[in-house]
Amino acid sequence: MRVVAFAGGTGSAKLIRGLQRLDVDLTVVANVGDNAWMYGAYVCPDVDIACYTVAGVANTSRGWGVEGDTFRFLEAAAKLGVETWFRLGDRDLATCLARTDMLRRGLTLTEATDRIRKALGAEPRVLPACDEPVRTTVSTPKGELGLQEFWVRDLGRPRVNRVYYRGASRARPTRQVADAVRRADRVVVCPANPITSIGPMLAVPGFRNLVSSSRRVVAVSPMVGSAPFSGPAGKLMKAAGERPDSLGVARLYAGVIGALLVSDADAGLKPRIDALGVECRLGETKMAGPADEARLAREVLEA
Ligand code: GDP
């Protein structure tokens, strides 16, 4: 079974681990909206967590970076007076510097990611959603912030007026993403922040049509009740004028997905989700460990 999984960060990594335990031909399409320049390197957090996850070297307790990584670079940089609010381990920095070098030599982000993924020894493919820069930008009363400034430096505290996807209108799904989606037996939208992880992909012209025309698209809601399992999804959904719950997720994905896996706790939302043309499937959507990850992955493939 050929499976394409659209992925953001932490929640997506859990489902990807579950999918890897099943006998599937997996391709991960990773969000590029939170890519940023840090310490002179081009950092691609969601692309890298996907690569580390499929390679089995991700730090699963923190949800980012490489297991057992050290932070000597950051310690030295801090002594030199560099602002070090963006945490980046030494091995992680090596990935970012290798990518920066490849991009400077003219490789696309897709090509650079493929080299890195292979060098890490991972079999499942990881594809950035697009090669052009798409920058998720948070508009606050104090001005516009990149996602890393908003969430990591300012701890998600500033009031959010709007979220923009800078550059999205000039971006296109890559040929590799389009081919993978067309060949897929199942497309999975992993539990991810609908505004900052899946939103930047859906904002790219051609993406909605590409995904909705694939065989069967099943998403997992990152929300339970009126909050996400983690992260700023609720606050950002509200800023986008959407309800911060699984009905809001269904509305954002309507027309693209066929089914949405929703927590049993939200059974009351089922009639309204079904009415959107999105089949609401109820179950346990929390992944507290490897057994949950594999169970949910199986449910997604069977849905
Ligand atoms: P973030 O909002 O910046 O953390 O962006 P991500 O795309 O990395 O978001 C992770 C998403 O996964 C969050 O919206 C979480 O609510 C969600 N998530 C985390 N753990 C779980 C889980 O165990 N189950 C489900 N269904 N979602 C999860």
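Rounded if a/c is under 1.5, else prolate if a/b beats b/c, else oblate: with a ≥ b ≥ c from the C-alpha gyration tensor eigenvalues square-rooted, which is the range 88-228? In terms of gyration-tensor shape, oblate. FRET efficiency for the pair N209 and L80, taken as 1/(1 + (r/R0)^6) with r the Cβ-Cβ distance and R0 = 45 Å, rounds to 0.40.
Between M1 and R175, the modelled label-to-label distance comes to 3.0 nm, taking each label 7 Å out from Cα in the direction of the beta carbon. Computed from phi, the 3J(HN,Hα) profile of the range 10-18 under the Karplus parametrisation 6.51, -1.76, 1.60 (θ = phi - 60°) reads 4, x, 5, 4, 5, 5, 4, 4, x Hz, with x in place of Gly and Pro. Report note on the peptides 91-97, 126-132, 1-7: ranked by the mean count of other C-beta atoms within 10 Å, highest first, their order is 126-132, 1-7, 91-97. Placing one equal scatterer on every Cα of the chain and applying the Debye formula, the log10 ratio I(q)/I(0) at q = 0.08, 0.10, 0.13, 0.16 Å⁻¹ is -0.32, -0.50, -0.88, -1.39. When the C-alpha to C-alpha distance is required to be over 30 Å, the pairs from K14/K79; K142/K270; K238/K270; K79/K286 that qualify are K14/K79; K142/K270; K79/K286.
When shorter helices are ignored and each DSSP H run of at least 4 residues is given -39500 (n - 2.57), the per-residue value for the chain at 222 nm works out to -10000 deg cm²/dmol. Listed by chain and number, the aspartates and glutamates placed with their C-alpha closer than 13 angstrom to that of K118 are D48; residues fewer than eight positions away on the same chain are left out.
When each of the peptides 150-162, 200-212, 273-285, 244-256 is scored by how many other beta carbons lie within 10 Å of its residues on average, the order from highest to lowest is 244-256, 200-212, 273-285, 150-162.
The alpha carbon centroids of the range 249-303 and the range 109-182 are separated by 24 Å. Each residue of the range 243-248 was assigned a 3J(HN,Hα) from its phi angle through the Karplus expression (A = 6.51, B = -1.76, C = 1.60, θ = phi - 60°), giving 5, x, 8, 5, 5, x Hz with x at Gly and Pro. Note on the range 192-289: Rg/Rh from C-alpha atoms, Kirkwood Rh, equals 0.94. Computed from backbone phi, the HN-Hα couplings of the range 215-232 come to 4, 8, 10, 10, 10, 10, 6, x, 10, 9, x, 10, 8, x, 4, 7, x, x Hz, rounded to whole numbers (Karplus: 6.51 cos²θ - 1.76 cosθ + 1.60, θ = phi - 60°; Gly and Pro given as x).
Every number here is computed from the coordinates shown, using simple stated rules; none is lab data. As the structure is a computational prediction, the values presented were derived from the model and not from experiment. Using ideal geometry, Cβ is built from the backbone for each residue, glycine included, and neighbour counts are taken over all protein chains shown.
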